[in-house]
1. Just to be sure before I move on: is Lys94 part of a loop (DSSP other than H, G, I, E, B) and either at pLDDT below 90 or surrounded by 10 or more Cβ atoms within 10 Å (Cβ to Cβ) (or both) in the structure I sent?
2. Testing Leu67 on (1) within 22 Å of the chain's Cα centre (by Cα); (2) surrounded by 10 or more Cβ atoms within 10 Å (Cβ to Cβ), one condition comes back false. Which one is that?
3. Within the range 41-91, can you find the residues that are of a type in the set (Ser, Thr, Tyr) and assigned to a helix (DSSP H, G or I)?
Amino acid sequence: MSAAYWPASPAVADDTDDMVARIAAKNALAVQKERDAAGSIDSKSAEQQTEEGKGLVGTFLLGSVVLSVPFYFKNLQRLFIKITSGGKDDGYDKVK
């Protein structure tokens with residue numbers, strides 16, 4: 001006989017289900033206590049944290065642009081030459 005002929009066993013709640021539920025409740029209580037303790041220690045408001053985050057993002061953005069300029073500096077030089085000449089000179093003769 002193959003496994004397809006065996007009848008399915010009914011789902012029965014046993015001790016392992018109760019044990020899992022107890023462990024989950026215990027962990028949820030521990031996490032809630034941690035959150036309460038961390039919330040009382042942290043004195044910064046959400047607005048202050050948001051402003052600090054914006055400053056960090058701006059700093060990293062500026063830093064990435066500054067650090068990548070050497071890779072396309074010659075292109076910027078050619079662009080400057082082209083703009084100042086009114087489009088007559090493409091800058092490839094002057095910047096190599």
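1. Values: part of a loop (DSSP other than H, G, I, E, B): yes; either at pLDDT below 90 or surrounded by 10 or more Cβ atoms within 10 Å (Cβ to Cβ) (or both): yes.
The answer is yes for Lys94.
2. (2)
3. Step one: list which residues in the range 41-91 are of a type in the set (Ser, Thr, Tyr), which gives 43, 45, 50, 59, 64, 68, 72, 84-85.
Thr50, Thr59, Ser64, Ser68, Tyr72, Thr84 - these are the residues of the range 41-91 that are of a type in the set (Ser, Thr, Tyr) and assigned to a helix (DSSP H, G or I).
The values are calculated or read from the model by the stated rules, or taken from the named source; none is laboratory data. As the structure is a computational prediction, the values presented were derived from the model and not from experiment. Cβ: placed from backbone, ideal geometry, glycine included. Neighbour counts: every protein chain shown.
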